[in-house]
Amino acid sequence: TEQLISNIKFKNAKCFKRTDYEGQPIHIEVRGAESASYSEGGGYRIENIIFENISFQEKTEIDLPSALYCTANRTEEYAIDGIIFDNITFGNIKMKKSDAFLEIVGNVKNITVE
């Protein structure tokens, strides 16, 4: 069964030292069945996700960007669609769409950074 994740809001969180996925503070990924692990089904779509007032307390030079990856089937229905980053900070630096905090790969659309 293909997986759909939608309509989720993460709000008012303070995050500290990270050791998560390759050091990325936020990592959103849709994987195809061929790259899913033994415990996953193939991905389908991630949509309408809001990150609001999230602060990462530590910012270092080795931090990697937040990443949005759609590595599944490249057709229209397989996508990351409608992600909002509202007031995301790394240390005292606010996230902007134009900076290196955001890495986008594949069928990713409607990304808003406020």
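The values are calculated or read from the model by the stated rules, or taken from the named source; none is laboratory data. Remember, predicted model here, so these are calculated numbers, not experimental data.
Residue by residue, here is whether (1) among the polar types (S, T, N, Q); (2) within 19 Å of residue 114 (Cα to Cα); (3) at pLDDT 70 or above holds:
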residue: 17; (1), (2), (3): no, no, no
residue: 28; (1), (2), (3): no, yes, yes
residue: 39; (1), (2), (3): yes, no, no
residue: 49; (1), (2), (3): no, yes, yes
residue: 64; (1), (2), (3): no, no, no
(request) Only residues that are charged (D, E, K, R) and at pLDDT below 80: list them for the stretch 95-111, please. (result) 96, 97, 99
